[in-house]
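The values are calculated or read from the model by the stated rules, or taken from the named source; none is laboratory data. Computed from a prediction, not measured in an experiment: that's the story for all the values here. Here the Cβ is made from the backbone with ideal geometry for all residues, glycine too, and neighbour counts use every protein chain on show. What goes into the accessible areas is simple: the full protein's heavy atoms, side chains included, and nothing from ligands, DNA or RNA. Shrake-Rupley method; radii C 1.70, N 1.55, O 1.52, S 1.80 Å.
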Amino acid sequence: TRRIVHETGIFGLYNGLSAALLRQGTYTMTRFAVYDVAKDYMRHADGSHLTGGEIALATVLSGAAGGIVGNPAEILNVRMQNDQSLPPYMRRNYKSAAHGLVAMVRDEGVRSLAIGLAPSLVRATLATASQFVSYDTFKEWLIGAGYPDSVPVHFAASFAAGLVATTVCSPADVIKSRTMASLRLQQPASVAGALIRPPSLWHTCWSIYRSEGLRAFFKGWVPSYVRLCPQLVITFIIYERLRKS
């Protein structure tokens, strides 16, 4: 953080903000919409609760849909946040999410919008399952313990769900980020430019494990939780208010 502020100023902490907002507007909204639609479609006529398998199916469908729709914004988010850590000749210098999308399609083709889709789908599915299922579970426990279905309960349940989701998603986050950040790099004039083909999902996993060990898959856990926890608290509280209204 100190290096970023020193090199780019306080606004350097907001690199990739437009891409992050685009990601939330595509990935998160799609997940919530598909999850609710899937649960409504599978709702039992007698009013009984959905089975574990039905909830799992709803989370898989919503996670996959969110991962596909939000993947281009995810790539932009990773690249724009990672740009300042690269040497000047390797930086992409996207000015905004819109500029980044145009530059990606122009320089790397339409297929570049699907870069890292496999780890993105894995991560989206894990995130949806861990966030939604753990939130519903913690909320039911609290309500069953005698607490009213209110904002404090939603806050506590989403706070706990953040712990579960961050831990479950950390390996997929590491793999996804490295895959998306590593592709087409602009070489200096003295080096012939080349398209760096992305490694496979399993090759990336093995490379990280072989060179850095198992702990590498949980690098950045603390900043990930600091980012995710407030987001989940706000999202689920608003979600509950909208659902009740």
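For the reader, a short list of remarks on this structure follows.
- Converting phi to 3J(HN,Hα) with the Karplus coefficients 6.51, -1.76 and 1.60 and the offset θ = phi - 60°, segment 22-35 yields 5, 4, 5, x, 9, 5, 5, 5, 5, 4, 5, 5, 5, 4 Hz in sequence order, with x at every glycine or proline.
- The phi torsions of segment 206-211, fed into the Karplus equation with coefficients 6.51, -1.76 and 1.60 and a -60° offset, translate into couplings of 5, 5, 5, 5, 5, 8 Hz, rounded to whole numbers, with Gly and Pro shown as x.
- Counting charges near SER62 (Lys, Arg +1; Asp, Glu -1) among other residues having Cβ under 11 Å from its Cβ returns a value of +1.
- Segment 35-112 - percent relative contact order, Cα under 8 Å, separation 6 or more: 19 percent
- Rounded accessible area of LEU22 (nearest 10 Å², 1.4 Å probe): 60 Å²
- A straight chain from HIS49 to TRP221 at 0.36 nm per residue would run longer than the Cα-Cα distance by 58.5 nm.
- Residues of type lysines that LYS219 reaches as a straight line, Cα spacing below 30 Å, ignoring anything fewer than 8 places off in the same chain: LYS95, LYS139, LYS176
- The residues of segment 29-69 expose, per residue, 58 Å² of accessible area to a 1.4 Å probe.
- If you plug the beta carbon distance of THR137 and HIS203 into 1/(1 + (r/R0)^6) with R0 = 35 Å, you get a FRET efficiency near 0.50.
- Rounded percent of accessible protein surface that carbon and sulfur make up, segment 32-157, 1.4 Å probe: 66 percent
- Debye-formula intensities of segment 36-175, expressed as log10 I(q)/I(0) at q = 0.09, 0.11, 0.12, 0.14 Å⁻¹, are -0.40, -0.56, -0.64, -0.80 (one equal scatterer per alpha-carbon, no solvent).
- From phi via Karplus (6.51, -1.76, 1.60), per-residue ³J(HN,Hα) for segment 134-141 in Hz, x at Gly/Pro: 5, 5, 4, 5, 5, 5, 5, 4
- Estimated at the nearest 10 Å², the accessible area of VAL226 is 100 Å² with a 1.4 Å probe.
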